[in-house]
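What follows is a set of notes on a single structure, which appears directly below.
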Amino acid sequence: MKDQLRLQAEALAQSRDSEDKQSLSPEEMRQALHELRVHQIELELQNEELRRSQAELDAIRARYFDLYDMAPVGYCTISEKGMTLEANLTAATLLGMHRSDMVGQPWTAFIYREDQDIYYRHRKELLGNHSPEATAECELRLKKKDGSEFWALLTSSVVPDDEGTPVCRIVIHDIAGRKQEEQFREDVERIIHHDIKGPLATLFSLTQMVLEEGESDALMNAFPQVMVGIQQVIQLIDAAEPLREMEKGVFTPAKTPVELPQVLETMKLSLAVLASQFKVTISIQAEADCFSESARVFGEAFLFEDMFMNLGKNAIEALPKGGDVTITCRTDPDTVYIAIHNAGAVPESIRNRFFEKYVTEGKRFGTGLGTYSARLIAEAHGGHIELATSEPDGTTITTSFPRCDIR
């Protein structure tokens, strides 16, 4: 086709050249040639200008792509009726979908169902502010295409589009990491609040007992337990950061040898008042090898104390009519085992979730954090914690830790 057009054009040009030669004088032909050369130069200049303009447009598009599509935050434009008009690649990536899947969809379709009211109040606040530079912020959960959700900070403003119609522009900040950090902090604070109640209750009971007896001998007898209680309160406050690291899975145990039978004796002393109130006897049985240097474990003694305090307190409270809590310590060539036994049985409904966070049943002031923090501490020290429970046999919680093997 191109060849045919070329032949037709050449034939037409020859015909016109023949006519022009017959009608034009030599001077007119030179003038015509000059004009053609001028037009040729003009066309070349125009073509160069077009190429330069095209390069500038390409640069502008590249900057737009970098600034808008590849921005570290998501951008969306929402119509007055709440429909998604435009979204950048970051917004689409955050929601786990293609940008074309977002355009034309209601913006509320991407908001977690339980947080719809948050967005409603956010939009109402924004539209109620008539300042031309007004913005509004809110934190809510956005829903991904796969059904999962993540926390986001929305910063919204209302501006006119090219035709003067008001549209809402939303900036999306992914704050999942910050929310997770806040949740870690709140969980650790709850654990510390839970664990600190035991030593404080013991201190209160000891103080009350001394005041009631009014004798110096009573004060001297209670003094060792008071000192242990105060030390435990201080240590629990210091435990906040290690527990936070355990929640994140980044805790590294100290290489300090700890003798677990000694930790158990401290725990027994700390729980003496509570055991007396519940008419419970605590007995510790340890194999001779448990006291050897090679039977020690690595870690922080106060973290092991906190773990066994929680497990021992639970064992005592599981025997409201009194009884025995038996703690045994044994070893094998590689491991130290601590087993805490009581005659009560864990409710069947929570046995499979016993060490999970906030799992509790039947305890008036139970939080479900004691056994959870015990599991955190055990696993953070390379150990394991197991539950065995039944109506006839009672409950045994066994923790196991690798031996220091200092030989």
Just one listed residue, out of Phe308, Phe291, Phe302, is of a type in the set (Phe, Trp, Tyr) and buried (at least 21 other Cβ atoms within 10 Å of the Cβ), and it is Phe308
Step by step: first the residues of region 90-109, then only those that are in contact with a Ser or Thr (Cβ under 8 Å, 6 or more places away or on another chain) and within 17 Å of Ser156 (Cα to Cα), then the one that is surrounded by the fewest Cβ atoms within 10 Å (Cβ to Cβ). Which residue is that? Pro106
Among all residue pairs at least 6 apart or on different chains, which show Cβ distances below 8 Å where the first residue, located in region 292-305, is at pLDDT below 85 and the second is among the β-branched types (Val, Ile, Thr)? Glu293/Ile406; Ser294/Ile406; Ala295/Thr331; Ala295/Val336
Complete set of residues in region 67-83 that are touching a residue at least 24 places away in the same chain (Cβ under 8 Å) and either of a type in the set (S, T, N, Q) or farther than 10 Å from Arg169 by Cα (or both): Val73, Gly74, Thr77, Ser79, Glu80, Gly82, Met83
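Give me the residue from region 44-69 that is among the hydrophobic types (A, V, I, L, M, F, W, C) and at pLDDT below 75 and, out of that set, surrounded by the most Cβ atoms within 10 Å (Cβ to Cβ).
We begin by selecting, within region 44-69, every residue among the hydrophobic types (A, V, I, L, M, F, W, C); these are 45, 50, 55, 57, 59-60, 62, 65, 67.
Next, from what is left, pick out any that are at pLDDT below 75: 55, 59-60, 62, 65, 67.
Values: Ala55: 10, Ala59: 10, Ile60: 10, Ala62: 10, Phe65: 13, Leu67: 11.
Residue satisfying both the conditions and the ranking: Phe65.
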Among (1) at pLDDT 85 or above; (2) assigned to a loop (DSSP other than H, G, I, E, B); (3) loosely packed, with under 15 Cβ neighbours inside 10 Å, which single condition is Ser349 missing? (2)
Tally the residues that are under 27 Å from the mean Cα position of the chain (by Cα) and acidic (Asp, Glu), restricting the search to region 66-124. 4
Filter pass, Ala136 being under 20 Å from Val167 (Cα atoms), of a type outside the set (Asp, Glu) and assigned to a strand (DSSP E or B): yes
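Yes/no matrix, rows are residues, columns are (1) modelled with pLDDT under 90; (2) out of contact with any His (no Cβ under 9 Å at 6 or more places or on another chain); (3) in a strand (DSSP E or B):
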{"position": "Gly147", "(1), (2), (3)": "yes, yes, no"}
{"position": "Trp151", "(1), (2), (3)": "no, yes, yes"}
{"position": "Ser157", "(1), (2), (3)": "yes, yes, yes"}
{"position": "Asp162", "(1), (2), (3)": "yes, yes, no"}
{"position": "Val167", "(1), (2), (3)": "yes, yes, yes"}
{"position": "Glu181", "(1), (2), (3)": "yes, yes, no"}
{"position": "Arg185", "(1), (2), (3)": "yes, yes, no"}
{"position": "Glu189", "(1), (2), (3)": "yes, yes, no"}
Take Tyr337 and tell me if it is at pLDDT 90 or above and surrounded by fewer than 22 Cβ atoms within 10 Å (Cβ to Cβ). yes
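Would you call Gly368 modelled with pLDDT of 90 or more, surrounded by 13 or more Cβ atoms within 10 Å (Cβ to Cβ), within 16 Å of Met307 (Cβ to Cβ) and in contact with a Ser or Thr (Cβ under 8 Å, 6 or more places away or on another chain)?
For Gly368, the condition - modelled with pLDDT of 90 or more, surrounded by 13 or more Cβ atoms within 10 Å (Cβ to Cβ), within 16 Å of Met307 (Cβ to Cβ) and in contact with a Ser or Thr (Cβ under 8 Å, 6 or more places away or on another chain) - is not met.
The values are calculated or read from the model by the stated rules, or taken from the named source; none is laboratory data. Model, not experiment: these values are computed from the prediction. Note that each Cβ is placed from the backbone with ideal geometry, even for glycine, and that neighbours are counted across all protein chains shown.
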